[in-house]
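*Asks:* For reference, the structure I am asking about is given below.
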Amino acid sequence: MEFFWSSSHVPVDYFRFLPEGCISEIFSLTSPKDAARFSAVSRTFMSAAESNVVWEKFFPSDYNDIISRSDSLMVSPSKKQLYLSLCDSPILLDGGKLSFSLDKKTGKKCFMVAATELGITWGDTPEYWEWLSHPDSRFSKVAKLNSVCWLDVRGKIETRMLSERTKYFAYLVLKLEDRFHGLGNANAVVRFVDSESDNDAEQRASVVRLSGQGPRATLPLSRDDGWMEVELGNFFNDIGEDGAVDARLMEIRDLGWKGGLIVQGVEFRPE
Amino acid sequence: MSSTKLLTLKTSDGEEFKLDEAVAVKSQAIKNMVEDDCVSNAIPLPNVDSKTMTKVIEYWKKHSEEGVSKDQLNDFDKGFLEVHHSVLYDLLLAANYLNDKELVDVICQEVADRIKGKTPEEIRKEFDIKNDFTPEEEEKIRQENAWAFD
């Protein structure tokens, strides 16, 4: 893009003379990541880039409703601080059934469904699955797999809760105990509950590796919160009118005994 | 068919522009004056020079034309905004003063597009912005926002 420079052009920092309202509007049309970088440009930029007017625009439109479902008292000196806090420290909603956070670079909504809200086949049978608290878990209970033949764990979320026009990924958040055994591979699939049956989805399930030899890229990855995660699949959320999405991990063909994993929940997030 | 009324706008450098009222009321400020009936003579616009007013009127006229498709308008806007940032600045101030929200939004989006994804150095260079931080201050800001600087 060529700009015409008049012969008498003297470099002027025009941003210094723009009304703050205009600069705020301009910054709010960029992204959280951009706004955080603008603070380093100049004092004028920093003043606008730190303003509540700008950061308010980066929150999802329903964030106040979401926060009201939490028991935590959200007090922050600024909208930017509140934004960063929601990114770095997920809050619990609905009495601890799920957690909520924001994706830092984009402001999109992330949710983790607690183990207690997952559909775990044989989850009620104490010889197979145990429910206990774990120091690393954000939820009050995690599900510990003693031993089971039929492994089937699923987490569900309503698309209307998610950010619009966003590609979402579903992850099983877990730890592998030392005694982890019986699960080299498993199958995983994500489906829209209203438009695809369980059986149809099962047919197209992909293979996920939980241990053993193989390319590192396909094994469970470490997260920042001390847990591991396994990608179950992805889907595109358009305007959130597609009903519920179901993300499922299963090993129901190889019926050998499996055990030694701890499930914290299923997370739905943009990347 | 109602008769078209012509308004006279007078810019800071004394130039007069005659314009259909129907077009000029894209400016909420002018619209208010028309409704308050204070437009018998030329409307003074001391905060807008003739060079900028010419461009604003060019925008207003294109966006008032009949039979222009959305694609054609987008193409027009794209070319209209392909100017040096000093011109954008004058346009933005004028649009703000004239209270034409549509034009303000379009210019803000253009500037936003020019600063998105850029490093502070790139932004300073493109917009002739002086770095008025000390090296220590700048380093502190970068560290506080380290997540944004990968």
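The values are calculated or read from the model by the stated rules, or taken from the named source; none is laboratory data. Note that this is a predicted model, so its numbers are computed, not measured. Cβ sites come from the backbone with ideal geometry, for glycine too, and all protein chains shown count toward neighbours.
*Asks:* Looking at region A:162-188, which of the residues that are under 24 Å from A:SER147 (Cβ atoms) and among the aliphatic types (A, V, I, L, M) is surrounded by the most Cβ atoms within 10 Å (Cβ to Cβ)?
*Replies:* Step by step, filter region A:162-188, then rank; the result is A:LEU172.
One line per residue, one yes/no per condition, for (1) under 13 Å from the mean Cα position of the chain (by Cα); (2) at pLDDT 95 or above; (3) assigned to a loop (DSSP other than H, G, I, E, B); (4) over 17 Å from A:PHE169 (Cα atoms):
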{"site": "A:GLY240", "(1), (2), (3), (4)": "no, no, yes, no"}
{"site": "A:VAL245", "(1), (2), (3), (4)": "no, yes, no, no"}
{"site": "A:ARG248", "(1), (2), (3), (4)": "no, yes, no, no"}
{"site": "A:ARG253", "(1), (2), (3), (4)": "no, no, yes, yes"}
{"site": "A:GLY265", "(1), (2), (3), (4)": "yes, yes, no, no"}
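*Asks:* May I ask you to verify whether B:GLU102 is farther than 21 Å from A:SER47 by Cα and facing chain A (nearest Cβ under 7 Å)?
*Replies:* Here the answer is no, as B:GLU102 does not meet what is asked.
*Asks:* Test A:GLY226 against the criterion of being over 17 Å from A:LEU151 (Cα atoms), touching a helix residue (DSSP H, G or I) at 6+ places or on another chain (Cβ under 7 Å) and surrounded by fewer than 20 Cβ atoms within 10 Å (Cβ to Cβ), and give yes or no.
*Replies:* Criteria not met by A:GLY226.
*Asks:* Next up: Step by step: first the residues of region B:12-42, then only those that are under 12 Å from B:LEU98 (Cα atoms) and surrounded by 14 or more Cβ atoms within 10 Å (Cβ to Cβ), then the one that is modelled with the lowest pLDDT. Which residue is that?
*Replies:* The qualifying residue modelled with the lowest pLDDT is B:MET33.
*Asks:* Residues that are surrounded by fewer than 19 Cβ atoms within 10 Å (Cβ to Cβ) and of a type in the set (A, V, I, L, M): find the helices (runs of 4 or more DSSP H) completely inside region A:41-97 holding 2 or more of those.
*Replies:* A:63-67
*Asks:* Then there is this: Which residues, counting only those in region A:31-40, are surrounded by fewer than 24 Cβ atoms within 10 Å (Cβ to Cβ) and in a loop (DSSP other than H, G, I, E, B)?
*Replies:* A:SER31, A:SER39
*Asks:* Next question, about the same structure. What do you reckon, is B:ALA112 of a type in the set (A, V, I, L, M, F, W, C) and within 10 Å of the chain's Cα centre (by Cα)?
*Replies:* So B:ALA112 does not fit the description; no.
*Asks:* Taking the conditions exactly as written (free of Cβ contacts under 8 Å to residues at least 12 places away in the same chain and in a helix (DSSP H, G or I)), does B:LYS31 satisfy them or not?
*Replies:* In short, yes.
*Asks:* Here's a follow-up. Please tell me if A:ALA48 is away from chain B (no Cβ under 11 Å), within 30 Å of B:SER86 (Cβ to Cβ) and either within 18 Å of the chain's Cα centre (by Cα) or among the aliphatic types (A, V, I, L, M) (or both).
*Replies:* So A:ALA48 fits the description; yes.
*Asks:* Filter region B:41-99 for residues that are within 14 Å of chain A (Cβ to nearest Cβ) and small (Gly, Ala, Ser) and give the result.
*Replies:* B:GLY79, B:SER86, B:ALA94, B:ALA95
*Asks:* Can I ask one more? Would you pick out the residues in region A:158-181 that are aliphatic (A, V, I, L, M), part of a strand (DSSP E or B), out of contact with any Asp or Glu (no Cβ under 6 Å at 6 or more places or on another chain) and at pLDDT 95 or above?
*Replies:* If the condition is that a residue be aliphatic (A, V, I, L, M), part of a strand (DSSP E or B), out of contact with any Asp or Glu (no Cβ under 6 Å at 6 or more places or on another chain) and at pLDDT 95 or above, then A:ALA170, A:LEU172, A:LEU174 are the ones that fit.
*Asks:* What are the residue pairs meeting all of these: first residue in region B:62-85, first residue over 22 Å from B:THR52 (Cβ atoms), second residue surrounded by fewer than 10 Cβ atoms within 10 Å (Cβ to Cβ), Cβ atoms under 9 Å, and 6 or more apart or on different chains?
*Replies:* So the pair list comes out empty.
Yes/no per residue for (1) at the interface with another protein chain (Cβ under 7 Å from one of its Cβ atoms); (2) without any contact (Cβ under 8 Å) to a residue 40 or more places away in the chain:
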| position | (1), (2) |
| --- | --- |
| A:PRO11 | yes, yes |
| A:ARG16 | no, yes |
| A:GLU25 | yes, yes |
| A:LYS33 | yes, no |
| A:VAL41 | yes, yes |
| A:VAL53 | no, yes |
| A:PRO60 | no, no |
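*Asks:* Could you identify the single residue in B:LEU45, B:LEU7 that is under 18 Å from the mean Cα position of the chain (by Cα) and either modelled with pLDDT of 90 or more or closer than 16 Å to B:ASN99 by Cα (or both)?
*Replies:* So the residue among B:LEU45, B:LEU7 that is under 18 Å from the mean Cα position of the chain (by Cα) and either modelled with pLDDT of 90 or more or closer than 16 Å to B:ASN99 by Cα (or both) is B:LEU45.
*Asks:* For the subset of region A:100-116 comprising residues that are without any contact (Cβ under 8 Å) to a residue 60 or more places away in the chain and not polar (S, T, N, Q), which member is surrounded by the most Cβ atoms within 10 Å (Cβ to Cβ)?
*Replies:* Taking the candidates together, the pick is A:LEU102.
*Asks:* Continuing with the same structure: Give me the pairs: first residue in region B:90-103 and aliphatic (A, V, I, L, M), second residue outside any helix (DSSP H, G or I), beta-carbon distance under 6 Å, and six or more apart or on different chains, which are they?
*Replies:* B:ALA94/B:VAL48; B:LEU98/B:SER27
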